[in-house]
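One structure is given here, and the rest of the page talks about it.
Nothing in this text is a laboratory measurement; each read-out follows from the coordinates by a stated rule. What you are looking at is a predicted structure, and each value in this text was computed from that prediction instead of being measured. Positions of Cβ are backbone-derived with ideal geometry, glycine not excepted, and every protein chain shown enters the neighbour counts.
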Amino acid sequence: MTNIIIRPARKDDMIAVYGMIKKLAEFEQMPEQVIINETVLMKDGFETNSPAFSCFVAEIDNTKVIGYAIYYTCYSTWRGKSIFLEDLYVDPEYRKLGAGKKLFLAVAKIAHETSHRLDFHVLAWNPAVTFYKKIGAIDLTSLEDWHTFRMDEDALNKLFQ
C-alpha cells in the first residue's frame, strides 16, 4: 500500500516540480512554451517577500515527489479575492492512486477558506474535464461564453515599440 501525502512545497522541491512542468508541457503538446527553469521557480516562489505563487506537492512514501499543484491569488472586481490554479500534474505512473484529487482538494480548501472562488483552465481534450465537472466545476466557455485571451511577450513588445 502506498502512502501519498500532500504538503506545501519547499524550495528544493522545485527541481522535481520543474521536471514535471516540462512533462506537462509535452502532454499538452506545447513543450517549446516552457522558458523558465528550476532557478526561476525557486526565486519566484521562495526568495521574495511577495511570492508569485504557492505550491503543494504530492509525495509518495515520504520519499519522492510525484505531483504538484501551483496556484496564486488573483482578484475579481465582482467577487473579491480568488484563487487561480495554474497547474496540477501527477506523473503518469502514479495516476489512479488519488494524488491528483488530493492536490486539487488542497488548493480548493485554500480557496474555500480565503477567497470567493477557484478558477482554472483545462484543455478541451484533457480527460480531467470529466473529473472537474463531476465535482461541480462549471465550464464558463459553454455556460457564459467567456473567452480567454493572452498577450505573450512578442505581442507586448510589439505593443510598446
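The chymotrypsin sites (Phe, Trp or Tyr not before Pro) of the range 108-161 that DSSP puts in a loop, and whose beta carbon has at most 16 other beta carbons within 10 Å, are W125, W146, F149, F160. Multiplying the residue separation of E32 and Y132 by 0.36 nm and removing their Cα-Cα distance gives an extension gain of 33.3 nm.
Taking 0.36 nm per residue of separation and subtracting the Cα-Cα distance, full extension of the segment from T73 to E93 would add 4.1 nm. In terms of other Cβ atoms within 10 Å, R150, R79, R117 run from fewest to most in the order R150, R79, R117.
For an R0 of 35 angstrom, estimate the FRET efficiency from the Cβ-Cβ distance between N157 and N62 and round to the nearest 0.05. Computed FRET efficiency for N157 and N62 comes out at 0.15. Considering only alpha-carbon pairs that sit under 8 angstrom and 6 or more positions apart, the relative contact order computed for the chain is 18 percent. Between V65, V40, V17, which gets the highest mean-square fluctuation from a Gaussian network model of the chain, Cα cutoff 10 Å? It is V40.
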